[in-house]
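Structure record follows, encoded as structure tokens.
Taken together, the values in this text are just the output of simple stated rules run on the coordinates, not laboratory data. All values reported here derive from a predicted model rather than from experimental measurement. Ideal geometry is used to build each Cβ from the backbone, glycine not excepted, and the neighbour counts take in all protein chains shown.
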Amino acid sequence: MLKFIKFLSIAFTITSLLVACNKLDYSSDMAYIKTQENIDFFIVPDIHHFSKSIYDDKEAFQNFLATSDGKLIKYSTEIITSIKEDIRKEQPDFLILPGDLTTSGDKESHIELAELLNEIEQIGTQVLVVPGNHDIENPWSRKFIGSDVIKTDNISSNDWKDIYYQYGYSQAISTDKSSASYLVAASGDLWILMLDSTISNEKSKNLYPIKGGELSKNTLTWINNCSELAKKNNAKLMAVMHHNLLEHSQIFNDSYTVNNKDEVLDSFINANIDLVLTGHIHIQDIKSFTKNETTIYDIGTSSALVYPNQYGTLKFSPANGYTYNTKGINLDKLETEFDKEAFKNYVICVFMEQCCNQYKDCLAELDELNDEDLEKAYSVIVEMNKMYFSGFRNNALINITASEGFSILKNVSSCFAQEYVLSMLNDEFENNNTLFIPFSN
């Protein structure tokens, strides 16, 4: 820890100079990998790290866990360690973290995570990060001791750039003066816009961080300048940001998609960006948008802390395009207080309680179903929701939609639970876990 803190003090001066200059030039020594080589990425959004040093597993923390939207916050260290072992085995070139690196933006969790990421870089994989809405100036940074919820230090935007200096900023081609965005050359062929889509919490009087996001006009101008430099150097551009570019759900869109979506879309298309990697919404989903025969894909990778506990992989081939897949975390190898089967059951129970039970309550309020039919309909919601979070839609759910429980659910009076389930049957992709994106000319 002391060694890492000493590094931060050195990084502060260097980062301040880097951010202030907003340079926009390129030389081949800025690229991590040589031209014309394939590049492998791991993509892990919404890791929501929560240091074990700021809770004691007593009443206050248990109450907090009950409102965690299905996230296995207590086991973030174990899940990161599992991903690290996958990295050791697979040897990807890059690990990309598209925001919400922490649960409540507390300084201890940030510093601890940076140390864990340093262990990953020691394996030989370069880490690239951008902030999410939980990470910077979070007004609800708390620790949980006994029955007490205690305010603790969060981090500023400058703290963010210092703590994560070595994870992208240190070798940036350019940084954006108006945000924590930066441009990095993965190789001579592929440059990555690492975009800060968060809205500052600095002047917010809210108890919780601002959930929505946007890219400012200044940032969009900077993106345009970056794209001109990329075109001049015959490099493709890929973008990474926390908030979604496209709407990933027919039901839940508010504060997930960037507020100025249309403006950002035009900017990205003009920059010849084929692919955007996002997170935030915690479900596995892919969407595309086509304008003037140009198609852009937004791959929203699910949170590794939420069922089905997976992350994304991406292969860039200069001659062909991008190949995306997902990879499940081996829960059997996590070191927890449970045995293997008990932990799997715990994961499902957390998912049901925090991501499914509200729909059962919705059905119960209709007062139309007897207890037996209510349970049948609820069982369908659970199974379809598990498939939905796992990235499956439409005909992939046909075995469930043929059930008696689905028929019951379909024929109740109109309600939110019914609307949510039916939305899963009319989506763009049946399987959102795999995609090949050929390069456009």
Item to check | Where a label projected 7 Å from the Cα of K177 along Cα→Cβ would reach, residues of region 23-39 with amide N under 17 Å | outcome: 23-25
Checklist entry - Over what distance in Å are the Cα centres of region 245-306 and region 114-130 separated? => result 26 Å
Checklist outcome for this item: If each part is reduced to its alpha-carbon centroid, region 330-372 and region 187-211 end up apart, in Å, by 32 Å
Next on the checklist: From Cα pairs below 8 angstrom and at least 6 apart in sequence, can you work out the relative contact order of the chain, rounded to a whole percent?
Outcome noted: 17 percent
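For each of E90, E214, count neighbouring Cβ atoms within 10 Å of the residue's Cβ, then give the residues from fewest to most. The partial results should precede the final answer.
Working: E90 12, E214 18.
With the sparsest Cβ surroundings first, the list reads E90, E214.
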Checklist outcome for this item: Expected sort for I398, I273 with the fewest Cβ neighbours (10 Å cutoff) up front is I398, I273
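Need one number: convex hull volume per residue for region 356-423, Cα atoms only, in Å³. Write out the running numbers ahead of the final one.
On the way: hull volume 4.9 nm³, N = 68.
Per-residue hull volume (Cα only) is 72 Å³.
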Checklist entry - For region 278-356, which chymotrypsin sites (Phe, Trp or Tyr not before Pro) are in a loop by DSSP, counting at most 16 other Cβ atoms within 10 Å? => result F338
Checklist outcome for this item: Residue separation between N233 and S413 times 0.36 nm, minus their alpha-carbon distance, gives in nm 58.9 nm
Next on the checklist: Students often forget the sequence filter, so: which aspartates and glutamates lie under 14 Å Cα-Cα from K236 once same-chain residues fewer than 8 apart are removed?
Outcome noted: E37, D189, E228, D274
Checklist entry - What is the list of residues in region 248-284 whose amide nitrogen lies under 13 Å from a point 7 angstrom out from the Cα of S423, following Cα to Cβ? => result 248-257, 281-283
Checklist outcome for this item: For region 127-189, the Cα-Cα pair-distance distribution in 5 Å bins from 0, as whole percents, is 4, 15, 22, 19, 13, 10, 8, 5, 3, 1, 0
Item to check | Residue-count net charge about D93 - beta-carbon cut-off 13 Å; Lys, Arg +1, Asp, Glu -1 | outcome: -3
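Provide the net charge surrounding L422, with neighbours chosen by a C-beta distance below 13 Å and charges set as Lys +1, Arg +1, Asp -1, Glu -1.
For residues surrounding L422, the net value is 0.
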Item to check | Top of G132, G105, G328 by mean-square fluctuation, Gaussian network on the chain, Cα under 10 Å | outcome: G328
Checklist entry - Ranking F42, F429 by Cβ neighbours within 10 Å, fewest first, what do you get? => result F429, F42
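For the pair M30 and F439, what calculated FRET efficiency results from E = 1/(1 + (r/R0)^6), where r is the Cβ-Cβ distance and R0 = 22 Å, to the nearest 0.05? Mind showing how you got there, number by number?
Details: r = 22 Å, r/R0 = 1.01.
With R0 = 22 Å, the Cβ-Cβ based efficiency is 0.50.
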Next on the checklist: Whole-Hz ³J(HN,Hα) for each residue in region 116-122, computed from phi via Karplus 6.51 cos²θ - 1.76 cosθ + 1.60 with θ = phi - 60°, x for glycine and proline: what do you get?
Outcome noted: 5, 5, 5, 4, 5, 5, 5
Next on the checklist: Less than 20 Å from a label point 7 Å out along the Cα-to-Cβ axis of N395: which backbone N atoms in region 411-428 qualify, by residue?
Outcome noted: 422-428
Item to check | Most mobile listed residue (V347, V306, V149) in the chain, GNM with C-alpha springs under 10 Å | outcome: V149
Checklist entry - So for the pair E121, E430, with labels modelled 7 Å out along Cα→Cβ, what separation do we get in nm? => result 4.4 nm
Next on the checklist: From zero outward in steps of 20 Å, how is the percent of C-alpha pairs of region 2-331 spread across the bins?
Outcome noted: 33, 61, 6
Checklist outcome for this item: Net charge (Lys, Arg +1; Asp, Glu -1) of residues whose beta-carbon lies under 14 Å from that of Q284, Q284 excluded, is -2
Checklist entry - Which is farthest toward the positive dipole end of region 364-412 among F406, V380, S390, measuring Cα position about the Cα centre, with Cβ charges +1 (Lys, Arg) and -1 (Asp, Glu)? => result S390
Next on the checklist: If R₀ is 41 angstrom, what is the calculated FRET efficiency for the pair Y346 and N38, using the beta carbon separation as r and rounding to 0.05?
Outcome noted: 0.60
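What is the extension gain from N260 to K333, computed as 0.36 nm multiplied by their sequence separation minus the C-alpha to C-alpha distance, in nm to one decimal?
Numbers: separation 73, 0.36 × 73 = 26.28 nm, distance 4.21 nm.
In short, 22.1 nm is gained.
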Next on the checklist: What do you get for the angle between helix 357-366 and the principal long axis of the chain? Use alpha-carbon atoms, 0 to 90 degrees, nearest ten.
Outcome noted: 40 degrees
Item to check | Tilt relative to the chain, helix 261-270 - C-alpha long axis, 0 to 90 degrees, to 10 | outcome: 40 degrees
